[in-house]
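Below is one structure, written out as structure tokens; comments come after it.
The values are calculated or read from the model by the stated rules, or taken from the named source; none is laboratory data. The model shown is predicted, which means the values in this text are computed figures rather than measured ones. Virtual Cβ from ideal backbone geometry, glycine too; neighbours counted across all protein chains shown.
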Amino acid sequence: MRRIRINGRRQLKGLIPISGAKNAVLKLMAAALMAPGESVIHNVPHIQDVFTMVDLLKTLGVGVQFEENTLRLAVGEQIGEEAPHELVRKMRASIQVMGPLLGRLGRVRVSLPGGCAIGERPIDFHLKGFKQLGAQIREEHGYIYAEVKELRGVDIQLDYPSVGATENLMMAAALAKGTTQIRNAAREPEIIEVQNFLNQMGARIRGAGTDVIRIDGVETLHPAEHTVIPDRIEAGTYMVAGAIAGGEVTLQPVIPQHVSSLIAKLEEAGIEVSVEDDKITVYSTGSYRAVNFQSLPYPGFPTDLLPQVMAMMTLAKGTSVIRETVYTNRYKHVSELRRMGANIILADRSAVVQGVSALSGAEVVVPDLRAGAALVLAGLGAHGTTIVEDDGHLDRGYDNLVGKLQGVGAEIGFLE
Ligand code: UD1
């Protein structure tokens, strides 16, 4: 258990460097499995989810070298076919090796992901798509077995624009015979990353970033080298930090378009945001209005920033109505925020946040990754000392969170 101490209400000033996108790099690591040889990925963040994916690739027989922010993945002619329980339970994104292994080997065995802190997260869309591509699927002893002689391109209509299902199916279909179209595909920037990486490997995919993706299957792929885009959720988290704490915080590098829904909400709240090339600066007095918002698939407001902006709204002038539409349980931090003095009423997937004039520091416990970020941000805005207890959630997704906040003047550090 790590304990982070924050003395709140210090203005922030300076530049925070933004790391590579977690939700892109994990999928590129999985995609590398599809071609024998050495693939290289640059701008890889040092976060636990990447280390878990490294462990998974190693159990599949991949040679991994991770130096500075560059990952070298030496993929053999022979690779394993099983994602074991102890890794899938640590990180649900392990299921993203299904598409690559099914495409390359025609068989894969993956432990069924269990319950998850932010609510039910089934994988039925992934499995339905694999079946449409011709795979036989069975579940036994907590594992999913998928097998196919030859994947065949097909039209797939997703019931929901699931990010993971879109990516998993794109990867499998890249090595299928014939053409696959994925309709109602997720449009997240990370999907474009997967398309670009696969195309560099020799795949023939177009349409990522729109809701129809067309994949013309090819027989084999070759290794590729790629630099990962900046993490829009990390950038968004620090933008909100600047808004809550007040001051002048610059994030770089970022792709401003990837956080446009957050910029719009911050501006609506009365916060000044300036955008220049790959840089965003947030100017805040620490005083802002309440705004309403709901999470939606991209380009809507990201569910992964909802807890952080909710923390911000606890100190807004007025009442904010927030609705989570993607997950069933994104409000695990609410009881902790209440212990800091926040006024929040929950009804099903909606939250009504009545802004208060001050939060008071307290000991709080991190329930999941983004909720943990929200508690750190609340600590930055609270009077007195907040102790955030975390058993590893924040390290899953934030590279050097404490150091980066210290770099802009936050009084934050680890307690021994
Ligand atoms: C990815 C991101 C996660 C982000 C989410 C939504 C990674 C590693 N994680 O997760 O940070 O919060 O996108 O932007 O990239 N669903 C089903 N059946 C399925 C698949 C999904 O019902 O087969 C549901 C989920 O339970 C959830 C919704 O669809 O309610 C969205 O999930 P999805 O877009 O698949 O998210 P992930 O890819 O798991």
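Take ALA342 and tell me if it is without any contact (Cβ under 8 Å) to a residue 40 or more places away in the chain, more than 24 Å from the chain's Cα centre (by Cα) and buried (at least 23 other Cβ atoms within 10 Å of the Cβ).
Details: without any contact (Cβ under 8 Å) to a residue 40 or more places away in the chain: yes; more than 24 Å from the chain's Cα centre (by Cα): yes; buried (at least 23 other Cβ atoms within 10 Å of the Cβ): yes.
Taking the combined requirement at face value, the residue satisfies it.
Would you mention how many residues in region 247-276 are assigned to a strand (DSSP E or B) and either in contact (Cβ under 8 Å) with a residue 24 or more places away in the chain or within 16 Å of the ligand (Cβ to nearest atom) (or both)?
Step one: of region 247-276, the residues assigned to a strand (DSSP E or B) are 247-252, 272-276.
Applying the additional criterion that residues be either in contact (Cβ under 8 Å) with a residue 24 or more places away in the chain or within 16 Å of the ligand (Cβ to nearest atom) (or both) yields 247-252, 273.
Here the count works out to 7.
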Near pairs, Cβ below 6 angstrom, 6+ apart or cross-chain, from region 158-171 (within 8 Å of the ligand (Cβ to nearest atom)) to any residue that is among the aromatic types (Phe, Trp, Tyr): SER162/PHE125; ALA165/PHE125
Pairs please, first residue from region 386-400 and in a helix (DSSP H, G or I), second anywhere and of a type in the set (Val, Ile, Thr) and surrounded by 21 or more Cβ atoms within 10 Å (Cβ to Cβ), Cβ atoms under 7 Å, 6+ apart in sequence or on different chains. HIS393/VAL366; LEU394/VAL366; ASP395/ILE47; ARG396/ILE47; GLY397/ILE47
Of all strands (runs of 3 or more DSSP E) fully inside region 1-93, the set with 3 or more residues that are among the aliphatic types (A, V, I, L, M) and in contact with a Gly (Cβ under 9 Å, 6 or more places away or on another chain) is 12-17, 70-75
For region 121-145, how many residues are crowded, with 20+ Cβ neighbours inside 10 Å and more than 14 Å from the ligand (Cβ to nearest atom)? 2
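Does region 334-356 hold any residues that are modelled with pLDDT under 95 and either over 17 Å from ASP304 (Cα atoms) or of a type outside the set (D, E, K, R) (or both), and which are they?
ALA347, ASP348 - these are the residues of region 334-356 that are modelled with pLDDT under 95 and either over 17 Å from ASP304 (Cα atoms) or of a type outside the set (D, E, K, R) (or both).
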Checking the structure you have, find out if any residue of region 345-353 is within 24 Å of ARG5 (Cα to Cα) and assigned by TED's automatic domain parsing to the domain that holds GLN11. no
Only residues that are within 16 Å of the ligand (Cβ to nearest atom), surrounded by 22 or more Cβ atoms within 10 Å (Cβ to Cβ) and closer than 20 Å to GLN132 by Cα: list them for region 174-207, please. ILE182, ALA185, ALA186
Given (1) surrounded by 15 or more Cβ atoms within 10 Å (Cβ to Cβ); (2) modelled with pLDDT under 95; (3) more than 16 Å from the ligand (Cβ to nearest atom), index of the condition GLU86 fails: (1)
Here are some residues: GLU67, GLU81, GLU77. Which one is at pLDDT 95 or above, away from the ligand (no atom under 16 Å from the Cβ) and either in contact with a Cys (Cβ under 6 Å, 6 or more places away or on another chain) or under 21 Å from GLN136 (Cβ atoms) (or both)? GLU81
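Taking the condition free of Cβ contacts under 8 Å to residues at least 40 places away in the same chain, part of a helix (DSSP H, G or I) and under 30 Å from ARG349 (Cβ atoms), does LYS128 pass?
Working: free of Cβ contacts under 8 Å to residues at least 40 places away in the same chain: yes; part of a helix (DSSP H, G or I): yes; under 30 Å from ARG349 (Cβ atoms): yes.
Yes, satisfied.
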Residue pairs, Cβ under 6 Å, 6 or more apart or interchain, first in region 219-246 and closer than 30 Å to GLU150 by Cβ, second surrounded by 22 or more Cβ atoms within 10 Å (Cβ to Cβ) and among the polar types (S, T, N, Q). List them. PRO223/SER39; ALA224/SER39
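State whether one or more residues within region 34-41 are closer than 28 Å to GLU234 by Cα, surrounded by 18 or more Cβ atoms within 10 Å (Cβ to Cβ) and modelled with pLDDT of 95 or more. Don't jump to the end; show me each part of the working.
We begin by selecting, within region 34-41, every residue closer than 28 Å to GLU234 by Cα; these are 39-41.
Of the ones still in play, those that are also surrounded by 18 or more Cβ atoms within 10 Å (Cβ to Cβ) are 39, 41.
Subsequent filtering for residues that are modelled with pLDDT of 95 or more retains 39, 41.
Yes, the conditions are met somewhere in region 34-41.
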